[in-house]
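Q: Structure below; questions to follow.
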Amino acid sequence: MVSPRNNNQKHIRKVKKLPKYLDKTKIDEMLENARNDNKRNYLILLTLWRTGIRNSELINLKKRDIKEDEITIRQGKGHKDRIVPLDNHLSDLLQYHTAKLPLDDVVFPLTSAQIRNITHRYQSKDEVVKPHTFRHSFAVHCLKQGMNLRSLQKILGHNDLATTAVYLDLIAKDIKEDYQKIEW
């Protein structure tokens, strides 16, 4: 039996915070700092930025999972496999980096904490950047560039389109901020 709703009770909704992301300029600064410091770290950050894969997926990525124009994520979150497209530049760098590796070797034999330390190393002083920040930044950047929400959902490996649609709220915030810059 369902009890009648008590009108004296307040309905409390959990406010969901929007994901933190970096704009392309800040990502480019981090990438440039990494490129000048350490080529492997640069490739790690570039892979996170241009694929939107999770930290756990990056540390489990094997050479056999990298093709000319795509990465196969095996047993990602929810134990699902998915395909993530690769641009030519990143593909070339990954092919070069893995050229001498056996097929079953991990591309970046690091721990999750080590990847996190790499992102911290190149962050600006006024920000805290985590590997997942690159995933959020990837999603926002793709939507700003006109990517279809359903395509982004597939790349990110989200079950529910509503999970991916959260990034639309970030885009709407940017639009309002851009509009407020206009002088009338």
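Q: How about region 146-164: which of its residues are surrounded by 14 or more Cβ atoms within 10 Å (Cβ to Cβ) and in a helix (DSSP H, G or I)?
A: Once the filter is applied, which keeps residues that are surrounded by 14 or more Cβ atoms within 10 Å (Cβ to Cβ) and in a helix (DSSP H, G or I), region 146-164 yields LEU149, LEU152, GLN153, LYS154, ILE155, LEU156, THR164.
Q: Only one of these conditions is not met by VAL84: (1) surrounded by 14 or more Cβ atoms within 10 Å (Cβ to Cβ); (2) in a helix (DSSP H, G or I); (3) hydrophobic (A, V, I, L, M, F, W, C). Which number is it?
A: (2)
Q: Is it the case, given these coordinates, that THR163 is under 16 Å from the mean Cα position of the chain (by Cα) and more than 26 Å from ASP23 (Cβ to Cβ)?
A: Answer is no for this residue.
Q: Right, another one. Any chance region 53-70 includes a residue that's out of contact with any Ser or Thr (no Cβ under 9 Å at 6 or more places or on another chain) and either at pLDDT below 85 or part of a helix (DSSP H, G or I) (or both)?
A: No: region 53-70 contains no residue that is out of contact with any Ser or Thr (no Cβ under 9 Å at 6 or more places or on another chain) and either at pLDDT below 85 or part of a helix (DSSP H, G or I) (or both).
Q: Looking at region 130-145, which of the residues that are among the polar types (S, T, N, Q) and assigned to a helix (DSSP H, G or I) is surrounded by the fewest Cβ atoms within 10 Å (Cβ to Cβ)?
A: Only one residue tops the list, namely THR133.
Q: For region 8-46, enumerate the residues that are more than 19 Å from the chain's Cα centre (by Cα), outside any helix (DSSP H, G or I) and modelled with pLDDT of 95 or more.
A: ASN38
Q: Please find, within region 18-60, the residue that is nearest to ILE171 (Cα to Cα) out of those that are surrounded by fewer than 18 Cβ atoms within 10 Å (Cβ to Cβ) and of a type in the set (Ser, Thr, Tyr).
A: The selected residue is THR25.
Q: Starting from region 155-183, keep only residues that are within 19 Å of HIS132 (Cβ to Cβ), then list their pairs with residues that are basic (Lys, Arg) whose Cβ atoms are within a distance under 6 Å, requiring at least 6 positions of separation or different chains.
A: Short answer, once both residue conditions are applied: GLY157/ARG82.
Q: Another question about this same structure. For LYS100, indicate whether it is part of a loop (DSSP other than H, G, I, E, B), without any contact (Cβ under 8 Å) to a residue 40 or more places away in the chain and under 25 Å from SER124 (Cβ atoms). Show your work before the answer.
A: Details: part of a loop (DSSP other than H, G, I, E, B): yes; without any contact (Cβ under 8 Å) to a residue 40 or more places away in the chain: yes; under 25 Å from SER124 (Cβ atoms): no.
The answer is no for LYS100.
Q: A further question on this structure: Has region 96-110 got at least one residue that is surrounded by fewer than 15 Cβ atoms within 10 Å (Cβ to Cβ), of a type in the set (Gly, Ala, Ser) and modelled with pLDDT under 95?
A: Within region 96-110, not a single residue is surrounded by fewer than 15 Cβ atoms within 10 Å (Cβ to Cβ), of a type in the set (Gly, Ala, Ser) and modelled with pLDDT under 95.
The values are calculated or read from the model by the stated rules, or taken from the named source; none is laboratory data. All figures in this text were calculated on a predicted structure; none of them were measured in a lab. Backbone-built Cβ (ideal geometry, glycine too); neighbour counts: all protein chains shown.
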